[in-house]
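Single-structure report; data block below.
The values are calculated or read from the model by the stated rules, or taken from the named source; none is laboratory data. Small disclaimer: the values here were computed from a predicted structure and weren't measured. Here Cβ is always computed from backbone atoms with ideal geometry, including for glycine, and neighbour counts include all displayed protein chains. Surface accessibility is based on the protein's heavy atoms, side chains included, excluding ligands, DNA and RNA. Shrake-Rupley method; radii C 1.70, N 1.55, O 1.52, S 1.80 Å.
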Amino acid sequence: MLLAVLSGFILAIAAPWFFKAFGDRTGWVLAILPAALAVYFGSYIPEVMTGETVVQEVPWIPSLDIELTFFLDGFSLLFAMLITVIGTLVVIYGGGYLKGDKDIPRFYVFILAFMASMLGLVLSDSLISLFVFWELTSITSFMLIGYYHDNAKYRKCAHQSMMVTVGGGLAMMAGLILLMMIVSDPAGAGLQGAEAFSLRAILAVDSGLITGHEFYVPALLLILAGCFTKSAQVPFHFWLPNAMAGPTPVSSYLHSATMVKAGIYLMARLQPGMGGTELWMTLIPIVGATTMFMGMYFALKSTGYKQVLAYSTIMALGVLTMLIGIGTEKAMLAFVAFLLAHAMYKGAFFMIAGIVDHETGTKDLKVLSGLRKKMPITATVAAVVAVSLAGFPPLFGYLGKKMMFETALEAPNVQVYILTLVALTATMGIAVAGLLGVKPFWGEEAETPKPAHEAPLSMLLGPIVLATGSLTFGLAPFFADSALVQAAVTAIWGQETDYYLALWSGFNTAVVMSAVTLVAGLLVYWQWDRVRGVMESLQWLYDHGPEWAYTHGMDRFLPWIAKKQTGIIQNGHLRYYLLTILLTLVTLVGYAFFTRGEITGALSFEVHFYELLVVLVMLTAAFFAASTSSRLGSVAAAGVVGFSVAVVYIFFSAPDLGITQLLVETLTVILLVLVLFRLPEFVSFSTTAARIRDVFVALLVGGMMTALLLATQDVQLYEHDPISHYHIAKSVPEAYGRNIVNVILVDYRTLDTLGEIFVLALAAIGVYAMVKFRKRDERLAAAEASEKEETA
Amino acid sequence: MNVEVLVVLPVLLPFLSAALSLMTWRSQVAQRVIGVGGTALLFVASCVLLYTTYHEGILVMEMSNWPAPFGIVLVSDLLSAIMVLMTGIMAFTVVIYSLSATDPEYEKFGYYPLMHLLHGGVAGAFLTGDIFNLFVWFEVMLMASFSLLILGGSRGQMEGAIKYVTINLVSSVIFLSAIGLLYGMTGTLNMAHIAVVLQGAESPMVTVVAMMFMVSFGIKAGSFPLFFWLPASYHTPPIAVSALFAGLLTKVGAYALFRMFTLMFMDDVQFTHNIILWAGVLTMVTGVLGAAAQFEFRRILSIHIISQIGYMLMALGLLAHTDIRSEVAVLALAGGIFYIVHNIVVKTNLFLVSGVVNQLLGSYELKKLGGLYRHKPFLSLLFFVSALSLAGLPPLSGFFAKFAVIRAGLEAYQWVPVFFGLLVGALTLYSMVKIWMYVFWRPLPEDHPMPERLNGKWDPKTIWMYAPIIVLTIATILLGVYGEPAFQVCLAAGEQLVDPSQYIEAVNPMDHMWLGEGE
Amino acid sequence: MIESKSLILHTATRFLLPLQLLFSLFLLLRGHDEPGGGFIAGLVAAGAIALYLFAFDVPSTKRMLRASPHDLFGLGLLLAAVSGIPALFLGKPYLTALWWELEFPFFGEIKLSTPLLFDIGVYLVVIGSVLSIVMTLAEAE
Amino acid sequence: MEPLMAYVVGGLFAASIYMILRRSIVKLVIGLILLSNAANLLIFTASGLTRGAPPLIPEGAQFPDPMPAADPLPQALILTAIVIAFGVLAFAVVLINRAYEILGVDDLDLMKETDA
């Protein structure tokens, strides 16, 4: 299985070369891989149907407990089949749809990479490798949505989908780690190492240990944040219709059949372990049902073919979420049936949308009409899938919908809410099916921007195969039932179910509901324009929904606060930077000092008169330097300070220091004088308030240093002599030197001195470069100027 | 020669290269040969050093043959060796990049000697086991960076340099004062020895002095609220210099914090490390918001450095909330170290890419750029990978770095820091995607003439610009998808850090403890 | 630049310079035992040459030095860095002090050591760097 | 003597901090010079002050006279720090000169182009 996943990535990298070799036929060639993978996964069906789980253990980053282990049970297999089969069709279809587009190699690259990521996602055993693939689908999706990147609006759409799904993903990551912490709690399941991230191991844990843990609620909510964003649940749904900015094959594959179901996949996976709680059975159905209703509502309101499809996909995702939330045995069967049905009819519909758009040049449902004569095959296929979408027997969509009704009728929590929304949605669903499958093809023939004609085989293949699938599975449900659905349900329910799919299971409430909604739906379809008029009158409401909040947050609030913050913090004034730094220093040191330190040193002032004199001179000079407005005075005063420091060194037994300080100070003053005469005189800049503030800060820092010196005065933490006693003792016998300071410099601590002379050399290079370096243009300008002078 | 010689090579080689380079001041060819040769040797030496340290344990060389704690020791534990390896990689790649990216004018004004000395200073700072020696290396490194920063002498460079120099000098003074106070209290300068003296000393003044170190290193690392010098200056010098600064310099501050606050100042973790933790959180938030306000390629990247530093500080700060010997502490530190490694690679690489973009289109302003995805898909890919890695998306190095830190944060029950860690990840993505949308996806602005370079054939001269970028991009991918070896090393480094006795025993300052004989 | 062309200064400088340089050498060599050493000696020498520079001008100072300051500090750095390497070949740590006692016909016994070499390196670097800075500034006029 | 020096050091710090907070780049750089002097004196004071006992060993002796001599290690550190500070400050002095030539102002408040 590792190879199955990797092959997709490898082929993705190689795709541009394939394009060079095969040109327009590349789609057909590249499709061989997904087709082969479909056969490969198909070959596991018999094994998996018997309840076997195929596992391939691959270590990855054991230090972080991350494995790349893959496993294949009924549910992964169902997804793997969807991904590879639809993948095959989409690659072929994309080749036709994008024929002649010069960016088409990029399409192949990312669609194949996406396929591989999606396969990795549904096959992963480790939650972290699942997450890795999860984010990879977001990334590839970003590149695919932004396929037409010259268009600013489309770029924005790609950006939005990336931010929403990755943002949710980040929350999910935290959730997954929390889940790991729950199952590795030694008081609970106590899973160790990589086991704690393993889906199989987690699902084997008694769910009570998970749902009863204190981290259950945050873990669940965080994981759901990821699932809801990825699967476009209200209020995160808005990115999905915008994602239709990508080419139609992309929308069909990523944003309908596969990627958006990743969230659904994970929720279904976790249902046995984390489900069954009040929170699960209330929150998820409410979100799902709301999403379902909103999706269908907006589908009915929309007029673009792809928009309608996008919203109806949201509806389907809502249904799936709702079913997981209800979480009964029957719900799981309904869930799988609906999932399969939806993947088939919606995938087909998107491709039809692409065909219509491609061959007529418009996707406006208000315009499209009567295409059936020019596009007979498309029209027929559209009719079939529309019937499936509407949920008529004998198509597979009917089974999905019937099971959904039956499940809704036995929802344990919030049943009224669910049932109401289900009924309304079903009604609108009929109308939407009509809009998609009937309106464009029947009725009067209308003018289209491009003269309509039938699509090429590469584009027709996909819808035909999928429509046939819907029909076959619908007519012979046991075929799908036995092959995939039961195995998938077993995988996510944890044990085999007693329910099975059948076209007719007696006259019951569900059938009545179907009938009623059918009639109502037809009514709505008939009055579509009027209904839409009513819907559009509520425009203000739509304009201030979650998307509005998102856009405002991203485009207004974030830049605003960023600018504001930067304006305050990075204001360009060096003084404020220094003030902040110094105040931070004083605060931290002061806080630590007042909470723990104390001044213990004896305050002995045993001072010689000449010493007192020197330090008084030093301080006076320092304050004069700080306060004078004379440039030269300030420099001279600084020099006096330096010389007094030298004297202090000499007084206190540091002759080398004293001499060095004296020499260095002289040089510094010379340098200052050399440079200062090129600079202007001081002008009094600061206000009095600023001066008072600065004096205050200066005194704080100075006081802090004094306090530190006094407080550390008598602190001696070492029991032995300081290390310098060793230096003294060894100086003559082992280092052959009598000036200990010099011995330290050139022997004990040579490395310091080495570093120090490099600093000196660096300073010299720096000064040289600074003074001598003139940019070429600057030099040219100077040369020109002098030339002009000469000629003048 | 003993195996210990490996410890000194990362310092010695750059210095010899620098000295040679200075002697051949006038020959551009010689400078380049020494530049490439010297950094290549440095790279090889650093690889061998890490390999040896990993397999044979901590290496110590007592400089001048004076026993610790009386002389200066160079110590290579795993953290040091990892950082030195990163120095080697950055040195080599950036010098290669400079071959075709840097204005030949710079080479006449000491570009290569400065570079060598910067590498040497950085390597010295990573390796030294003596606190005053650390100060010296900091100064070498700073002085080299000052000079590199003004190379070119543009207006922006002057302004940036004044702020950079002033604030860093203040930081140095704080550092120096803290060393003086610490020596007064402990009577030693050897870090392992200080650790021994401080163990259980429980003097309140230790914590007080630790605050000074924290502020000083916080400034160097670019921590909140001390980072001002960074956004003011990092985007001003030539791009190869920016890239090297971005990769290495702030990390030296981060390294110093990691070293001091695992080895020496561990008596008051509840207080000290909590400050680091929250400074980290604030750092990442302010940094990422700062970047969101920018519309200049290099500025966005520069300010993002700050935000990334936040994660490293957060990792270190988590020690306040874990048992110091626990697996969580190891994971936090390993995550922090891996984050540093990852960030050095990726950040440098992004700067290098921005340099190529500037060379193609002649600007760093996002609003004046565009069309590169159409015309330079390969370059776009290189940027895209690094940008996503920076934002922490899988399966690149950034993801695993973030994953480790976030996981450690959750296991230490630090919900708020984790929340901000994740939020900042999203905002980082926002900034990176912003660059992507403007520079790569968007067509060239209409008033912008299409430079010929954009459609021209592959220019063989630019190979020296692309090669390092390709290498670093592969590195970030490999650190992700094949991250196990790197992570093992980081975990081992983390284990060494939580157990300072390994470091202390290797340096062994007590063995020679001299009890004042002969007085 | 302050370029006093006064004859007295010229003569004095010409006369003082060798003395000052000699004094700096004295400081350098005795530094291991008495106050002095590479830094102090280097600063004194640099000061002396700087005085010469102020008395004359940059070109003549350069002529007098017969080497550019860059070469001086480059050489000094190399000397200092290399002085530690021989120890490596003896299996000792970098910068380990090595001592040789040499008998010279006239001076008697002179102790030659790597620390001395190192200190000479320091001396050269200090002279080179300080002069480089001063000369650069002087030329910038 | 140390307590007095503690106040002197504090005073020096205060004066230099006040200077680096001024708007003129000249004051800034003089402030930095004072600051490094202050730090050196701090180290000198922190490790204890000794009168009249330089760490020099008389010819033929093994130990300094008188004993105990002043601690030589901080002296060596300060010497290193002085030289380093000289290098850095020489650079800073030239930097403000160049900055003034290039920017044409010496007021730090007018140097904020590079910030956001």
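Each stretch of four or more DSSP H residues adds -39500 (n - 2.57); spread over every residue of chain C, this sum gives -22500 deg cm²/dmol at 222 nm. The amide H of A:GLY304, built 1.01 Å from its N in the peptide plane, has A:LEU365 as neighbours under 5 Å, considering only residues 5 or more places off or on other chains. Residue ranges D:108-114, B:23-29 sort as D:108-114, B:23-29 when ordered by packing (mean number of other C-beta atoms within 10 Å per residue, highest first). D:TYR100 exposes around 60 Å² of accessible area when a 1.4 Å probe is run over every protein chain in place.
Shielding of A:575-583 by partners, i.e. mean partner chain Cβ atoms within 10 Å per residue?
The shielding value for this peptide is 6.
Are there DSSP H segments in chain C that both extend 24 Å or more along their axis (alpha-carbon positions) and score a mean Kyte-Doolittle hydropathy of at least 1.0? List them, or say none. In chain C, the long hydrophobic H runs are C:7-30, C:38-55, C:114-139.
Of the residues B:TRP415, D:ILE25, D:ILE82, the one whose Cα sits farthest towards the positive end of the charge dipole of the protein assembly as shown is D:ILE25 (charges of +1 on Lys and Arg Cβ, -1 on Asp and Glu Cβ, taken about the Cα centre). Database remark: amide H of A:SER126 closer than 5 angstrom to the amide H of A:THR69, A:LEU199 (H placed geometrically; neighbours at sequence offset of 5 or more, or on other chains; Pro and chain starts carry no H).
In chain D, the alpha-carbon atoms span a convex hull of 125 Å³ per residue. Axis of helix D:72-103 versus longest Cα principal axis of chain D: the two differ by about 10°, to the nearest ten degrees.
The value for region C:7-139 of Rg(Cα) / (2.2 N^0.38 Å) is 1.18.
Relative to the longest principal axis of the Cα atoms of chain B, the long axis of helix B:397-411 lies at roughly 40 degrees.
Between region A:486-549 and region A:26-64, what's the alpha-carbon centroid distance in Å? Value for the Cα centre distance between the two parts: 33 Å. For a straight C-alpha distance cut-off of 17 angstrom, the aspartates and glutamates reachable from A:LYS401 (same-chain residues fewer than eight places away being disregarded) are A:GLU329, A:GLU410, A:ASP481.
Descending by average beta-carbon neighbour count within 10 Å, the peptides A:393-404, A:756-767 line up as A:756-767, A:393-404, the highest first. For the segment A:556-568, counting C-beta atoms of other chains within 10 Å of every residue's C-beta and taking the mean gives 4. Taking a straight line from the alpha carbon of B:LYS367, these aspartates and glutamates sit under 18 Å away, with near neighbours fewer than eight places off in the same chain left out: A:ASP150, A:ASP555, B:GLU296, B:GLU446, B:ASP447. Converting phi to 3J(HN,Hα) with the Karplus coefficients 6.51, -1.76 and 1.60 and the offset θ = phi - 60°, region A:289-301 yields 5, 4, 4, 4, 5, 4, x, 5, 4, 6, 4, 5, 7 Hz in sequence order, with x at every glycine or proline. Over all other residues within a Cβ to Cβ distance under 13 Å of A:VAL697, the charged ones net out to +3, with Lys and Arg as +1 and Asp and Glu as -1.
Candidates D:SER47, B:PHE109, C:THR61 compared by Cα position along the dipole of the protein assembly as shown: farthest toward the positive end lies B:PHE109, with charges placed on Cβ.
Among the listed pairs A:LYS102/B:LYS461; A:LYS99/A:LYS306; B:LYS251/B:LYS461, those whose Cα-Cα separation exceeds 30 Å are B:LYS251/B:LYS461. Over 28 Å apart at the Cα level, from the set A:LYS564/D:LYS27; A:LYS153/A:LYS374; A:LYS346/A:LYS402, are A:LYS564/D:LYS27; A:LYS153/A:LYS374. Distances between placed amide hydrogens fall under 5 Å for B:ASP130 paired with B:VAL73, B:MET191, all partners being 5 or more residues away or on another chain.
Taking Cα atoms, how many degrees apart are the long axis of helix B:327-361 and the longest axis of chain B, rounded to 10 and kept between 0 and 90? It works out to around 30 degrees. Accessible surface for C:ASP119 stands near 10 Å², nearest 10, in the context of the full protein assembly shown (1.4 Å probe).
Check the straight Cα-Cα distances from B:LYS163 and name the aspartates and glutamates below 19 Å, setting aside those fewer than 8 residues away within the same chain. In chain and number order, the partners are A:ASP694, B:GLU139, D:GLU101, D:ASP106, D:ASP107, D:ASP109, D:GLU113, D:ASP115. Entry note, chain A: the mean residue ellipticity at 222 nm calculated from DSSP H runs of n ≥ 4, each adding -39500 (n - 2.57), is -23000 deg cm²/dmol after division by the residues and rounding to the nearest 500.
If you average the C-alpha positions of region D:20-44 and of region B:234-273 separately, how far apart do those two centres end up, in angstrom? Rounded to whole Å, the Cα centres lie 25 Å apart.
Distance from the alpha carbon centroid of region A:325-346 to that of region B:380-435 works out to 35 angstrom. Taking the charge dipole of region B:257-355 about its Cα centre, with +1 at Lys and Arg Cβ atoms and -1 at Asp and Glu Cβ atoms, the residue from B:PHE258, B:THR286, B:ILE275 reaching farthest to the positive side is B:THR286. In terms of packing, defined here as the mean over residues of other Cβ atoms within 10 angstrom, the peptides B:440-446, B:459-465, A:663-669 line up highest first as A:663-669, B:440-446, B:459-465.
Counting Cβ atoms of other protein chains within 10 Å of each residue's Cβ and taking the mean over peptide C:119-130 gives 6. Within chain C, the longest segment free of exposed loop sites, counting chymotrypsin sites (Phe, Trp or Tyr not before Pro) that fall outside DSSP classes H, G, I, E and B and have at most 12 other Cβ atoms within 10 Å, spans C:1-105. Across region A:336-345, computed HN-Hα scalar couplings (Karplus, 6.51 cos²θ - 1.76 cosθ + 1.60, θ = phi - 60°) run 5, 4, 5, 4, 5, 4, 5, 4, 6, 6 Hz from first to last residue, x flagging Gly and Pro. Dipole magnitude for region B:360-519: about 1420 debye, using +1 per Lys or Arg Cβ and -1 per Asp or Glu Cβ, origin at the Cα centre. The accessible-area ordering, largest first, of the residues D:ASP115, A:ASP357 stands as A:ASP357, D:ASP115, per a 1.4 angstrom probe. The dipole here belongs to chain D: it is taken about the Cα centre, uses +1 on the Cβ of Lys and Arg and -1 on the Cβ of Asp and Glu, and is about 180 debye. Accessible area per residue was computed with a 1.4 Å probe on protein heavy atoms; B:GLU365 scores about 80 Å².
Per residue, region C:7-139 exposes 42 Å² of accessible surface when a 1.4 Å probe is rolled over the protein heavy atoms with every protein chain present. Here is how the number arises for chain B: DSSP H runs of 4 or more residues each give -39500 (n - 2.57), the sum is divided by the residue count, and the result at 222 nm is -24000 deg cm²/dmol. Normalised by the number of residues in chain B, the mean separation of alpha-carbon contacts (under 8 Å, six or more apart) gives a relative contact order of 17 percent.
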